[in-house]
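Step one of this worksheet: look at the structure below.
The values are calculated or read from the model by the stated rules, or taken from the named source; none is laboratory data. Note that the coordinates shown come from a computational prediction; the quantities given were computed from them, not determined experimentally. Here Cβ is always computed from backbone atoms with ideal geometry, including for glycine, and neighbour counts include all displayed protein chains. Ligands, DNA and RNA are excluded from the accessible area calculation, which covers all protein heavy atoms including side chains. Shrake-Rupley method; radii C 1.70, N 1.55, O 1.52, S 1.80 Å.
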Amino acid sequence: MTEKVHLDHAHLRHLLTAMLRIRRFEEKCFELYQSEKIRGFMHLYDGEEAVSVGVIEALRPEDAIVATYREHGQALARGIGMNALMAELYGKQEGCCRGRGGSMHVFDRATRFYGGNAIVGGGLPLAVGSALGDKILGRNAITACFFGDGAVDEGSFHESMNLAALWKLPVLFVCENNLYAMGMALERAEAETRIAVKAAAYRVASEAVDGMNVVAVEVAAKRAIDEIRRASEPFLLECRTYRFRAHSMFDAQLYRSKAEIETWRAKDPVMQLRSWLEQTGLLHADEIDHIEGEIAAEVDAAVAFAEAGTWEPVEDLERFTTMDRVPQ
Amino acid sequence: MSAPASTTAAVRMTYREACKQAIRAAILADPRVFLMGEDVARYGGCYAVTKGLATELGEERIRDTPLSENGFVGAGIGAAIAGLRPIVEIMTVNFSLLALDQIVNSAATISHMSGGQFAVPLVIRMATGGGLQLAAQHSHSLEGLYAHIPGLRVLTPATVEDARHMLQPAIEDPNPVLIFEHVMLYNREGELDPSVTGVDIVSAKIRRPGRDVTLVAYGGMLFKTLEAAALLQVEGIEAEVIDLRVLRPLDMPTILGSVRRTRRVVIVDEGWRSGSLSAEIAARIAEEAFFELDAPIRRVCSREVPIPYAAHLEKAALPQAATIAATARTLVKGG
Ligand SMILES: Cc1ncc(C[n+]2csc(CCOP(=O)(O)OP(=O)(O)O)c2C)c(N)n1
Ligand SMILES: [Mg+2]
């Protein structure tokens, strides 16, 4: 049964808010990295917000998510609290992983958020297993697996596509094709650059969608998920997108031109939706200001929460290396 | 006529720069040598070791690969067998696990398995170690795991001199050689003596002589261990510091010679204690020099956890100079 995407005021307002929350949260993260509150590797999602927001909008609460190290967007869109996320980036024990994971390793049991994987391609087999578990246990859930174009170079992509197809598993493979894997341009890494096309070799249905258009992503994700639930088979959704900022916080971006970045910035998913909403009169400027105000307050509160957070006692260092029981 | 000053004066440079000079020199010296790995060319290397080299040497000699570790390491093995002298760069040891199959099942076995018909003159470089708050998938010290494998030679240059000179003999070695560069060393500066034109890839070196206790270390731990030795000196304890340099095969004569003089030993290893390189060294000392020891063999290793992100937890997980010094102190002064 196709769940329609309702392009009404409430829904569009929600989509814009979801993307703006990610954007503003990460702008703050950038500042906090400069002031060394956040350390380690941090990968921002600037420009790619429509992908996680559009896809996660199509998920149900019982569905699972597997993500990469560039997962702030998925985490926020999925409903992991901004406070817990920010505290995690600070390394505080109030963080969603008690400060042990940091930016690259966000996990959340309540929302079936299975990480936060910083090994390129590492999440794909886990998504296959998550879907296998759901299938065998008779849960009517799907697993959405996010990964970059770079992960397509890894054997695990190909093995996972085949396993999911062979075992007829409900996996939505979401390739965030932002055209680069660090400095490696897609056309220098793959002989066949149309990622969606590769699915055919595994008899997996697929579609490529404009990843800068949140409504298009949501519609495509809903269609894909309907198909997954109907046929009990995986689906590959290639979202064509772009990251506006550096790969991580240490990247001189020698591999791409400023002009190229500007061309893509003109397609900014947040700006696109915002100006369309303003032009059509679906959302007025003062309502957007109001949303911005609420988000700014939420981000400030998250920073205050993280600042007030505490360091896990060093005596607890070895806790959780192994578990006494399987958490229920 | 006296030689120009520039040829004799020591040059100060970073470890990173020394690695880069080594790669450049090796590629210029031999048309069969090339380097390949992820983001080595256009990006300039994830730790900027190869920055600028692709422009200088061309993208055939500094070759970007897709994210296919098992694929391009295996291709390096094949190319080595076919007559080239590849240097494969893997971004970090954690990612080398994706190529563990090719390294352990092919690179390390082919010469023996083929009854000596083929050799695998391949060099694989990678970063290792913690200290940058990169958490549990980017911070581990797994070189000890490779030191377990017959058929491989495992190098851990710690000084600028070794970073500059270990590569060439590694390329000349008919066997696969793994070179581990600790991430905390890249920015470290040191002196390069231009009169030294080569080093061996066989021996351990005494970096600081001392009579009271032997401290065995390698890679990133060398400097924390030297720091510990300086702390001990203030208390009148003279520690001898050995830089292993080569983890496989181990230079046991140097280690045993030192231990026989000092009669006490602490082994420092950023790897985990269980089943580690430090365990191997301890066992060999116990086998060979048990009756010459005045105190039990001690080890300072990483705590047995995946390395956490938070700075204070990461610090607690990794061996620190104070812990090394404290451990040595109890051996010398008694617990
Ligand atoms: C197995 C592995 N190899 C290399 C890396 C280093 N690395 C981290 S992110 C990245 C680029 C990945 O690109 P892509 O999959 O397109 O994701 P994006 O960063 O563009 O979102 C690389 C090479 C890694 N983390 N894991
Ligand atoms: Mg990418």
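A few remarks follow.
- When A:Thr68 is tested against the conditions (1) under 25 Å from B:Glu314 (Cβ atoms); (2) open to solvent by less than 10 Å² (accessible area, probe 1.4 Å); (3) of a type in the set (Val, Ile, Thr), the lone failure is (2).
- Any hit, segment B:162-172, residues being touching a Ser or Thr at 6+ places or on another chain (Cβ under 7 Å), surrounded by 24 or more Cβ atoms within 10 Å (Cβ to Cβ) and under 30 Å from B:Leu35 (Cα atoms): no
- Being of a type in the set (Val, Ile, Thr) and closer than 22 Å to B:Glu143 by Cα is a property that does not hold for B:Val234.
- Residues located in segment A:166-179, provided they are away from ligand 1 (no atom under 16 Å from the Cβ) and open to solvent by 20 Å² or more (accessible area, probe 1.4 Å): A:Leu166, A:Trp167, A:Lys168
- Qualifying residues in segment A:99-153 (those that are of a type in the set (S, T, N, Q) and open to solvent by 10 Å² or more (accessible area, probe 1.4 Å)) - the one farthest from ligand 1 (Cβ to nearest atom): A:Asn140
- Residues of segment A:262-280 that turn out to be in contact (Cβ under 8 Å) with a residue 60 or more places away in the chain and more than 19 Å from A:His11 (Cα to Cα), as a count: 3
- Of residues in segment B:49-91 being in contact (Cβ under 8 Å) with a residue 40 or more places away in the chain and in a loop (DSSP other than H, G, I, E, B), the one surrounded by the fewest Cβ atoms within 10 Å (Cβ to Cβ): B:Gly83
- Members of segment B:25-48 found to be free of Cβ contacts under 8 Å to residues at least 12 places away in the same chain and either touching a Cys at 6+ places or on another chain (Cβ under 6 Å) or at positive phi (or both), listed by number: B:Gly44
- Any chance B:Leu256 is under 18 Å from B:Ala283 (Cα atoms), outside the structural domain of B:Tyr186 (by TED's automatic domain parsing) and not polar (S, T, N, Q): yes
- All positions within segment A:144-188 that are within 13 Å of ligand 2 (Cβ to nearest atom), more than 9 Å from chain B (Cβ to nearest Cβ) and more than 19 Å from A:Ile119 (Cα to Cα): A:Glu187
- Only a single item in (1) buried (at least 24 other Cβ atoms within 10 Å of the Cβ); (2) in a helix (DSSP H, G or I) is not met by B:Ile255, and it is number (1).
- Qualifying residue in segment B:256-264 (condition: under 29 Å from B:Ala170 (Cβ atoms), within 14 Å of chain A (Cβ to nearest Cβ) and within 22 Å of the chain's Cα centre (by Cα)): no
- Residue in segment A:195-210 that is at negative phi and assigned to a loop (DSSP other than H, G, I, E, B) present: yes
- Candidates in segment A:190-208 are the residues that are within 16 Å of ligand 2 (Cβ to nearest atom) and touching a strand residue (DSSP E or B) at 6+ places or on another chain (Cβ under 6 Å); of these, the one that is most open to solvent (accessible area, probe 1.4 Å) is A:Ala208.
- Counted residues, segment A:189-227 - those being acidic (Asp, Glu) and either within 16 Å of ligand 1 (Cβ to nearest atom) or within 14 Å of another protein chain (Cβ to nearest Cβ) (or both): 2
- Pairs are defined by a Cβ separation below 8 Å, a sequence spacing of at least 6 or placement on different chains, a first member in segment B:188-213 that is within 18 Å of B:Pro253 (Cβ to Cβ), and a second member that is among the small types (Gly, Ala, Ser); the pairs so defined are B:Ile201/B:Ala170; B:Ile206/B:Ser258.
- Subset of segment B:92-114 that is more than 13 Å from chain A (Cβ to nearest Cβ), part of a helix (DSSP H, G or I) and surrounded by fewer than 16 Cβ atoms within 10 Å (Cβ to Cβ) - its residue that is nearest to ligand 1 (Cβ to nearest atom): B:Asn105
- Condition met for B:Ala295 (under 29 Å from B:Ala316 (Cα atoms) and either among the polar types (S, T, N, Q) or not in a loop (DSSP other than H, G, I, E, B) (or both)): no
- Any hit, segment A:262-284, residues being exposed (fewer than 14 other Cβ atoms within 10 Å of the Cβ) and of a type in the set (Asp, Glu): yes
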